[in-house]
Amino acid sequence: MTRRKLVAGNWKMHGTAADLDEVRAIAEAAQRMGGVIVALCVPATLIHRAAEAVPGFPIGAQDIHSAEKGAHTGDICAAMLHDAGASLTIVGHSERRDAHREDDASVRAKSEAALCSGLQVILCVGESDAERVSGKAVEIVSAQLDASLPHGAAADRGVPDRLAVAYEPIWAIGTGKVPSTQDIGEMHAALRSRLHAAYGSAGASVPILYGGSVKATNAAEIFAVADVDGALVGGASLKAADFLPIVEAAAAAA
Ligand code: PGA
């Protein structure tokens, strides 16, 4: 079956109004390329200006609170993201799981809140270096996905069209290290089977992205792996000159 291909940039804590020209350059080039959906998940402070700068191009958040509103100092809910012009959000990035102690249950609640509100979701999972060395990475990440996936009404409404999963080995993020294509393929096949177990045939429609040190130089090789439906790109998404060749590689593989 043909799944949608998605290449999303994760700008993390980078980007101010001075970087809107990069957003424009990425959006303009991406909108001319067929076969792949491109999105940028920018800092919350930049969402509104980025969305206004590139109408119709998907601008996303990097996190969301699971509650509709309330006494949550510093947090941002789905209605606020919609109001700012976001159409998607990352949930469960390892940097948030680690630094903000987000567990699988809170990641699930965030993904459900986002999908219920109509946002698209990129749900991240991935193993640590020690977990990879232990030989149990597939088992551990599969269990993480099982416990983080949205259920109930959110899944009924959002899974086929608005959920994507990103496999991001923590040891590969920002390090220049990348798993072998064999290891990526093994993990993506395992995650695909967990999606089938959770959602039946709808699980076949959920794109599984790879993330962690994706660059122009390794993108084509990664996109050639079975069950890799795109990428979540950190450092190499900040500049159009670095990001667009990755998008082109995804378009060529689509
Ligand atoms: P990186 O980050 O591409 O800089 O390794 C990926 C991510 O954390 O999403």
Handout entry: Around ASP242: net Lys/Arg minus Asp/Glu count, Cβ-Cβ under 11 Å
Key = +1
Practice task
Based on other C-beta atoms within 10 Å, arrange TYR210, TYR167 from fewest to most.
Solution key: TYR167, TYR210
Exercise for the section: Could you pull the Cα extents of the stretch 160-205 along its three principal axes, largest to smallest, in whole Å? Expected result: 35, 21, 12
Handout entry: Net charge of neighbours whose Cβ lies under 12 Å from the Cβ of ASP63, counting Lys and Arg as +1 and Asp and Glu as -1
Key = +1
Fill in the blank from the handout: The simple spin-label model distance between ALA67 and ALA224, using points 7 Å out along Cα→Cβ, in nm, is 5.1 nm
Practice task
For the stretch 106-254, restrict the atom set to alpha-carbon positions and state the Rg and Dmax in Å.
Solution key: 14.9, 41
Exercise for the section: Counting other Cβ atoms within 10 Å, keep those with at most 15, restrict to DSSP loop, and tell me which trypsin sites (Lys or Arg not before Pro) in the stretch 92-183 are left. Expected result: ARG101, LYS136, LYS177
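Which pairs, out of LYS215/LYS239; LYS12/LYS239; LYS5/LYS110; LYS5/LYS69; LYS5/LYS215, put more than 21 Å between their alpha-carbon atoms?
Details: LYS215/LYS239 12 Å; LYS12/LYS239 13 Å; LYS5/LYS110 23 Å; LYS5/LYS69 33 Å; LYS5/LYS215 17 Å.
The answer is LYS5/LYS110; LYS5/LYS69.
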Completion exercise
1/(1 + (r/R0)^6) with r = Cβ-Cβ of ALA241 and SER201, R0 = 41 Å, i.e. FRET efficiency to nearest 0.05, evaluates to 0.50
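Can you sort ARG32, ARG3 by how many other beta carbons sit within 10 Å, fewest first?
On the way: ARG32 7, ARG3 15.
So the ranking, lowest neighbour count to highest, is ARG32, ARG3.
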Practice task
Within the stretch 110-149, which residues have the backbone N less than 12 Å from the label spot 7 Å out from ARG3 along Cα→beta-carbon, could you tell me?
Solution key: 123
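Summing +1 for each Lys or Arg and -1 for each Asp or Glu, what net charge is found among the other residues whose Cβ lies under 10 Å from the Cβ of ARG97?
Details: positive: ARG96, ARG101; negative: GLU95, ASP98, GLU102, ASP103, ASP104.
Neighbourhood net charge equals -3.
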Exercise for the section: Report the FRET efficiency, 1/(1 + (r/R0)^6), for ARG32 and GLN182, where r is their Cβ-Cβ distance and R0 is 30 Å, rounded to 0.05. Expected result: 0.30
Fill in the blank from the handout: For the stretch 170-254, the Kirkwood Rh over every pair of distinct alpha carbons, in Å, works out to 13.3 Å
Exercise for the section: Identify the residues of the stretch 218-247 with backbone N under 16 Å of a label point that sits 7 angstrom from the Cα of ALA25 along the Cα-to-Cβ direction, or state none. Expected result: 235-247
Problem - Debye intensity ratio in log₁₀ form over the Cα atoms of the chain, taken at each q of 0.12 Å⁻¹ - result: -0.62
Completion exercise
Ordered by fewest other Cβ atoms within 10 Å, a rough proxy for footprinting exposure, THR89, THR2, THR73 read THR73, THR2, THR89
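Read-outs: derived from the displayed coordinates by stated rules, not from any lab. Small disclaimer: the values here were computed from a predicted structure and weren't measured. No Cβ is skipped: glycine too gets one built from the backbone with ideal geometry, and neighbour counts run over all protein chains shown.
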